[in-house]
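The values are calculated or read from the model by the stated rules, or taken from the named source; none is laboratory data. Note that this is a predicted model, so its numbers are computed, not measured. Here the Cβ positions follow ideal geometry from the backbone for every residue, glycine too, while neighbour counts run over all protein chains shown.
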There are 2 protein chains.
Amino acid sequence: MSSITIKDLAQKLNLSPSTISKALKDSYEINAETKLRVKEMAKQLKYVPNSYAAGLRKKTSQTIAVIVPNITDAFFAKAIYGIHSAANQNNYNVLIYISSEDYKNEKLFIESLGNGKVDGIIISLSGNNNNHEYIRFTQDEGLPVVLFDCVDFDIDTTKIISDDYTNGIKATEHLLQRGCRNIAYLGISEQVSTDISRREGYKFALEKAHIAFDPELMITYSHNTATNISRIKSVLQNKKPDGLVASIHDLAIAAYYACNELNIKIGQEVKIIGFSNFDAVDLFNPPLTTITQPAFNIGEQAATILIQSLEKKNYTLKNEVITLPSVLYKRASTQ
Amino acid sequence: MSSITIKDLAQKLNLSPSTISKALKDSYEINAETKLRVKEMAKQLKYVPNSYAAGLRKKTSQTIAVIVPNITDAFFAKAIYGIHSAANQNNYNVLIYISSEDYKNEKLFIESLGNGKVDGIIISLSGNNNNHEYIRFTQDEGLPVVLFDCVDFDIDTTKIISDDYTNGIKATEHLLQRGCRNIAYLGISEQVSTDISRREGYKFALEKAHIAFDPELMITYSHNTATNISRIKSVLQNKKPDGLVASIHDLAIAAYYACNELNIKIGQEVKIIGFSNFDAVDLFNPPLTTITQPAFNIGEQAATILIQSLEKKNYTLKNEVITLPSVLYKRASTQ
């Protein structure tokens, strides 16, 4: 297989890789002279075009790379199990990579996947960067990519997500129905697609209930548990919220610790709802009300769709969003 | 690389693979005539001997295969994170395989790892089979194997475990100190090394306290949560234990559900201690007393040792057991 990539061409010609990619695809955005230069260089360096390279790859690895921000959150552990299950049924192996929520790791790993090491990639994006050009390069080089959970809607491929916006509304409306009027939102990051959608849902539900949005009721996640607890305690003390929407399991946990430390009665003084895939939240004191995503199914479907695209000749992944429904489990934390 | 394996030679000569392996190593156990036959056939089929094959492999994959019984238990998720972390630091990738606690899956996967797909394997054994001949074949073919957590002590390699026997004693003695005299043991399987050690520790602690061992107080794990709960309920009703040692997190969870369904007060009527790596057990009602294994460190050390052996020429893994200490966290479930 040729080892010449779009990047090599870009370097040689002092053009951006995306210009190279567009020129090779005869994009109207690129002028005729540049197209000619690119095509000449591609020919000279024996650049292997996408579909052929993909075909060659397919025969070599029977392996899918999976990139997740972390593995100890039950959502990702279950999603990986779903991916593994579908891969296994189709005789594919799973190469796993944990980005530790840092796009630089994600990028370095993806760049190491040349030479037919894998046939395709499934990613839940790290979310601390909005420039996903490196994923487009990978696609341009013939390696198909499926996104799940934390996605970039601008990337042209299949994305499997759960109904985050609807669930942001559902979580907030559940608290409103239980009498809360001063609801804080514990978010991951304003660059994570799931969180953006959930917080938009939260804002929409407040607006619908004629409650003014208060940015001081928004808390952002830190990788340090103690920091999360102290941020939540500070909001509990200064803003006296009567409800909390925790956008991930870790933040729901931190909220429990914060309330316990301040002797605030969960379910009575403050109601908590959390997005969580952990099995034993009904053993918590009090049991945690959750929005639970179909983690296994999301992973399974991402792998199934990717493998279908690998098995069919000349098949390209549809640019579509597949949304799988989550479930609201009402428990005593929102009594 | 030659695709002829020890197994192929075994088939051709109608001998067992372990005979072939021993013959090629000039073992005193094999007679001279057989040795000659094996070596002739190896030459004829261009069998590539171990060290050379291992050397070739090293250059090709920079990948470690990791096999775990499941991925949704926090112990394995954290161990994988530790393996990934060490692998990543040394520029190795991690190919993950989930055996779903079935040795047949484990065996099929290992057999698919020929042709330099990976440089070495890290396994926590599925435990439903005691014949690990397939792991020895893999070693004989030059692919190093490191075992962790659920291990087979008869396999000649490095094993990283936690101090299961000591912890079986420690867990049981903690319940004895809290006044329990009728302690049930909730085990995984009599074929899982961790469980065998923990249950031996449990028996030793009882004996030391002059309490007769009662096999009717032993419960064995099922893959079905409802079955586990019903088995525990049945023992709670028939044998009235005042203490439970749960050898894995899932069984501690099942014990909580069983007690809740029977309105048995945990910590007062029945004390529960569980082996668990889940972070939020102190939010349980009541908080769960745990023996917590150093999951991340176990994984990290397994990968570090394997990679060291891959990076050094002519280095073979020591036949040793490395034991990392666990910690007892006393909480209200054993108040």
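Restricting the range A:93-111 to residues that are in a helix (DSSP H, G or I) and hydrophobic (A, V, I, L, M, F, W, C), the residue that is surrounded by the most Cβ atoms within 10 Å (Cβ to Cβ) is A:Ile110. Would you confirm, using the coordinates I've provided, whether A:Asp119 is within 14 Å of another protein chain (Cβ to nearest Cβ) and either crowded, with 18+ Cβ neighbours inside 10 Å or at pLDDT 95 or above (or both)? Taking the combined requirement at face value, the residue satisfies it.
Checked against (1) farther than 30 Å from A:Gln62 by Cβ; (2) not in a helix (DSSP H, G or I), A:Gln237 meets all criteria but (2). Restricting attention to the range B:258-267, the residues that are under 16 Å from B:Ala184 (Cα atoms) and either facing chain A (nearest Cβ under 9 Å) or hydrophobic (A, V, I, L, M, F, W, C) (or both) add up to 4.
Within the range A:268-302, how many residues are more than 12 Å from every other protein chain (Cβ to nearest Cβ) and either of a type in the set (D, E, K, R) or assigned to a loop (DSSP other than H, G, I, E, B) (or both)? Residues flagged as more than 12 Å from every other protein chain (Cβ to nearest Cβ) and either of a type in the set (D, E, K, R) or assigned to a loop (DSSP other than H, G, I, E, B) (or both) within the range A:268-302 amount to 6.
Out of everything in the range A:217-234 that is under 26 Å from the mean Cα position of the chain (by Cα) and part of a helix (DSSP H, G or I), what residue ends up being farthest from A:Ser100 (Cα to Cα)? Only one residue tops the list, namely A:Leu217. Note on the range A:70-92: among residues that are at the interface with chain B (Cβ under 9 Å from one of its Cβ atoms) and of a type in the set (Gly, Ala, Ser), the one that is surrounded by the most Cβ atoms within 10 Å (Cβ to Cβ) is A:Ala77.
Evaluated against (1) among the small types (Gly, Ala, Ser); (2) closer than 20 Å to A:Gly168 by Cβ; (3) within 13 Å of chain B (Cβ to nearest Cβ), A:Ser247 falls short on exactly one condition, (3).
Annotation: of all residues in the range A:253-270 being in contact (Cβ under 8 Å) with a residue 40 or more places away in the chain and within 27 Å of the chain's Cα centre (by Cα), the one that is farthest from A:Ala332 (Cα to Cα) is A:Ala254. Taking the conditions exactly as written (among the charged types (D, E, K, R) and modelled with pLDDT of 95 or more), does B:Lys312 satisfy them or not? Judged against the criteria, B:Lys312 is not a match. Considering A:Val327, A:Val281, the condition of being without any contact (Cβ under 8 Å) to a residue 60 or more places away in the chain and within 20 Å of B:Tyr256 (Cβ to Cβ) is satisfied by A:Val281 alone. Of all residues in the range B:95-114, which are at the interface with another protein chain (Cβ under 8 Å from one of its Cβ atoms) and under 26 Å from A:His249 (Cα atoms)? Those that are at the interface with another protein chain (Cβ under 8 Å from one of its Cβ atoms) and under 26 Å from A:His249 (Cα atoms): B:Ile96, B:Tyr97, B:Ile98. What do you reckon, is B:Phe213 in contact with a helix residue (DSSP H, G or I) (Cβ under 8 Å, 6 or more places away or on another chain) and not in a helix (DSSP H, G or I)? For B:Phe213, the condition - in contact with a helix residue (DSSP H, G or I) (Cβ under 8 Å, 6 or more places away or on another chain) and not in a helix (DSSP H, G or I) - is met. Collect the residues in the range A:189-210 that are modelled with pLDDT of 95 or more, at negative phi and outside any helix (DSSP H, G or I), keeping them in residue-number order. Selection gives A:Ala209 alone. State whether the residues of the range A:309-330 include one that is part of a helix (DSSP H, G or I), closer than 18 Å to B:Leu283 by Cα and of a type outside the set (D, E, K, R). Among the residues of the range A:309-330, not one is part of a helix (DSSP H, G or I), closer than 18 Å to B:Leu283 by Cα and of a type outside the set (D, E, K, R), which makes the answer no. Being outside any helix (DSSP H, G or I), polar (S, T, N, Q) and at pLDDT 95 or above is the requirement here; does B:Thr166 meet it? Criteria not met by B:Thr166.
Take the residues in the range B:241-259 that are farther than 21 Å from B:Ser197 by Cα and in contact with an Asp or Glu (Cβ under 9 Å, 6 or more places away or on another chain); name whichever of them is surrounded by the most Cβ atoms within 10 Å (Cβ to Cβ). By that ranking, first place goes to B:Ile253. In the condition set (1) touching a His at 6+ places or on another chain (Cβ under 9 Å); (2) under 24 Å from A:Ser61 (Cα atoms), A:Lys117 is compliant with all but (1).
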